[in-house]
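Chemist: Sharing a structure here in structure tokens format.
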Amino acid sequence: MLHLERPLVFFDLEATGTDPQEARIIQIGMQRFVPAGDGAALDDTMDTLVDPECPVPEAVTKLTGLSSSALQDAPPFAAHLDRLIPLLSDADLAGYNALAYDLPLLQAEFERCGQSLPGPDDRVVLDPYRLEQVLRPRTLSALYERYTGGALDGAHDALRDVEATGRVLQQQLAEHDLDGTPADLAERIRGDYLDDQRRLKQDGDAVVVCFGKHEGKTLHDLQTHHADYFDWMYRTIDDLRPHIDDALS
């Protein structure tokens, strides 16, 4: 059970892209809970569309169902401040992957309005995605126990780890009703990323860099405004070169 010492706002944001510094919010969902005895009680809910004041990429429309035309009559983010500030000003926050995406996205939108994100100086941000990583560690021993129900004896013996990996994979395929070749499964794992190390990602018509000091920037922006870094990346990271050529051709 969650025991609240002050209000807690669960929030999720839909936006025009994956870079929280550049993307613009198109939808806000929030539920505010307040302390109630030993638990929590729902105090307020916000569900609203936001005009991003820029085009919505086709990939985002396919994902969210929200298009530029559907948002043209929605108020811009600044018009929602009077509603947002009372919700957030005394509250902790909670959101799935919020630390990496939703929180910096919300902060960036407030900064565009000339304000800081309101809230306590000692605000807590509870991220169930991060909590899951702690509760369900992804070591081979942990996965083996989770999928087989037994402890992995002899972990870190090479052949024993090979056998365990094969058994874990078979159990994953069975439990999640997956079928296909190794290439099919590798493509499923890769998703929108262009490489197995997840350094480049397709975002609509653009390719976004997912590592290093320019993480979140598009390849086009990198080539235009950070040519030295782009040239270094193109010259030294051999396996990314074909993806860069395809993206910029």
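The values are calculated or read from the model by the stated rules, or taken from the named source; none is laboratory data. Small disclaimer: the values here were computed from a predicted structure and weren't measured. Because the Cβ atoms are built from the backbone with ideal geometry, glycine has one as well, and the counts that use them run over all protein chains shown.
Chemist: Enumerate the pairs (first residue in the stretch 183-198 and among the charged types (D, E, K, R); second residue anywhere and in a helix (DSSP H, G or I)) with beta-carbon separation below 7 Å, excluding pairs fewer than 6 apart on the same chain, so at least 6 apart or on different chains.
Modeler: 195/239; 195/240; 195/243; 196/190
Chemist: Looking at residue 180 and the list (1) at positive phi; (2) part of a helix (DSSP H, G or I), which single condition is not satisfied?
Modeler: For residue 180, the exception is condition (2).
Chemist: Within the stretch 120-177, which residues are farther than 30 Å from residue 93 by Cβ, of a type in the set (Asp, Glu) and part of a loop (DSSP other than H, G, I, E, B)?
Modeler: First pass over the stretch 120-177, keeping only residues farther than 30 Å from residue 93 by Cβ: 140-141, 143-145, 147-177.
Of the ones still in play, those that are also of a type in the set (Asp, Glu) are 145, 153, 157, 161, 163, 175, 177.
Those that are farther than 30 Å from residue 93 by Cβ, of a type in the set (Asp, Glu) and part of a loop (DSSP other than H, G, I, E, B): 153, 157, 177.
Chemist: Ok, one more. With 76, 52 as the choices, which residue is in contact with a strand residue (DSSP E or B) (Cβ under 9 Å, 6 or more places away or on another chain), without any contact (Cβ under 8 Å) to a residue 60 or more places away in the chain and either of a type in the set (A, V, I, L, M) or crowded, with 19+ Cβ neighbours inside 10 Å (or both)?
Modeler: Result: 52 is the single residue among 76, 52 that is in contact with a strand residue (DSSP E or B) (Cβ under 9 Å, 6 or more places away or on another chain), without any contact (Cβ under 8 Å) to a residue 60 or more places away in the chain and either of a type in the set (A, V, I, L, M) or crowded, with 19+ Cβ neighbours inside 10 Å (or both).
Chemist: Here's a follow-up. For a quick check of your reading of the model, give me the residue pairs whose first member lies in the stretch 210-239 and is charged (D, E, K, R), whose second is assigned to a loop (DSSP other than H, G, I, E, B) and exposed (fewer than 12 other Cβ atoms within 10 Å of the Cβ), with beta-carbon atoms closer than 9 Å and at least 6 apart or on different chains.
Modeler: Listed pairs, sorted by first residue: 239/196.
Chemist: So which pairs qualify, if the first residue must be in the stretch 127-154 and not assigned by TED's automatic domain parsing to the domain that holds residue 103 and surrounded by fewer than 15 Cβ atoms within 10 Å (Cβ to Cβ), the second must be at pLDDT 90 or above and not in a loop (DSSP other than H, G, I, E, B), the Cβ gap must be under 6 Å, and the two must be at least 6 apart or on different chains?
Modeler: 151/145; 154/160
Chemist: Scan the stretch 15-38 for residues that are within 10 Å of residue 102 (Cβ to Cβ) and in contact with a Gly (Cβ under 9 Å, 6 or more places away or on another chain) and jot them down.
Modeler: 20, the sole residue that qualifies.
Chemist: Could you say whether any residue in the stretch 128-139 is over 21 Å from the mean Cα position of the chain (by Cα) and within 30 Å of residue 11 (Cβ to Cβ)?
Modeler: Checked against the condition, which is being over 21 Å from the mean Cα position of the chain (by Cα) and within 30 Å of residue 11 (Cβ to Cβ), the stretch 128-139 yields no hits at all.
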